[in-house]
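Before any comments, here is the structure.
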């Protein structure tokens with residue numbers, strides 16, 4: 001794992017982060033290319049990354065690859081993967097078919113948990129993946145999620161659950177992910193009432209992320225607690241997915 005540069009004594013720590021819905025490595029050209037995904041992540045310089053729509057032995061669409069392990073090895077990062085879909089294999093003896101969220105980190109991961117979020121009927125199960133990181137001696141809670149894409153009412157239930165799950169966190173906290181709603185919706189306001197919207201603070205322009213190549217909506221977010229100070233945010237251009245990622249830089253301490 002590539003080391004994270006230590007800060008001088010008494011100096012604030014700089015933390016670079018990224019959130020990216022990778023569409024299981026399929027780009028706008030319809031081609032599966034996980035190396036292209038890795039290069040987009042690498043180019044951001046992020047030390048902590050939250051990915052959504054990640055496959056693990058899931059389907060022929062991703063060549064039955066263990067994408068979490070592949071990306072972690074390729075990028076030299078530690079990781080925790082949270083499958084929100086966990087299906088039986090098509091053939092006995094094969095690995096389980098899984099799909100969900102991934103956290104990659106150049107900082108040590110001290111602990112993690114995945115909590116299923118409320119769902120209605122046959123809608124896809126969603127979850128909140130939390131990882132507590134040791135950022136130069138300071139625990140930081142990094143949470144990654146992918147909210148429902150179909151119904152505002154279900155997203156509202158999920159947003160409320162996220163607030164309840166993270167609201168008692170004592171560590172500096174980052175919440176990232178594909179939230180499938182624009183900033184003016186009730187479900188996003190539920191979250192931004194609790195955490196600061198990084199793009200609103202320091203982003204330049206509209207920050208649209210979906211759908212590539214001509215995005216018209218800002219639905220991918222990095223939200224943070226006051227212990228983290230946002231200093232930069234950007235939407236890097238890439239054709240590695242049907243979403244653009246959101247990159248951000250924070251100072252801690």
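Listing for the model above:
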| quantity | calculated |
| --- | --- |
| Failed criterion for residue 123 (all others in (1) touching a residue at least 12 places away in the same chain (Cβ under 8 Å); (2) surrounded by fewer than 21 Cβ atoms within 10 Å (Cβ to Cβ); (3) over 23 Å from residue 242 (Cβ atoms) hold) | (3) |
| In region 231-246, the residues that are closer than 24 Å to residue 155 by Cβ and in a strand (DSSP E or B) | 233, 243, 246 |
| Candidates 194, 218 - the one that is on the phi < 0 side of the Ramachandran plot, at pLDDT 95 or above and within 17 Å of the chain's Cα centre (by Cα) | 218 |
| Subset of region 211-228 that is touching a residue at least 60 places away in the same chain (Cβ under 8 Å) and part of a strand (DSSP E or B) - its residue that is surrounded by the fewest Cβ atoms within 10 Å (Cβ to Cβ) | 228 |
| Some residue of region 159-169 being free of Cβ contacts under 8 Å to residues at least 60 places away in the same chain, buried (at least 21 other Cβ atoms within 10 Å of the Cβ) and in a strand (DSSP E or B) | no |
| Whichever residue in region 35-52 is surrounded by fewer than 21 Cβ atoms within 10 Å (Cβ to Cβ) and in contact with a helix residue (DSSP H, G or I) (Cβ under 7 Å, 6 or more places away or on another chain) and, among such residues, is nearest to residue 228 (Cα to Cα) | 42 |
| Single unsatisfied condition, residue 70 versus (1) in a helix (DSSP H, G or I); (2) touching a helix residue (DSSP H, G or I) at 6+ places or on another chain (Cβ under 7 Å); (3) surrounded by 23 or more Cβ atoms within 10 Å (Cβ to Cβ) | (3) |
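The values are calculated or read from the model by the stated rules, or taken from the named source; none is laboratory data. As the structure is a prediction and not an experimental result, all values here were calculated from the model. Quick reminder, even Gly has a Cβ in these numbers, built from the backbone with ideal geometry, and neighbours come from all protein chains shown.
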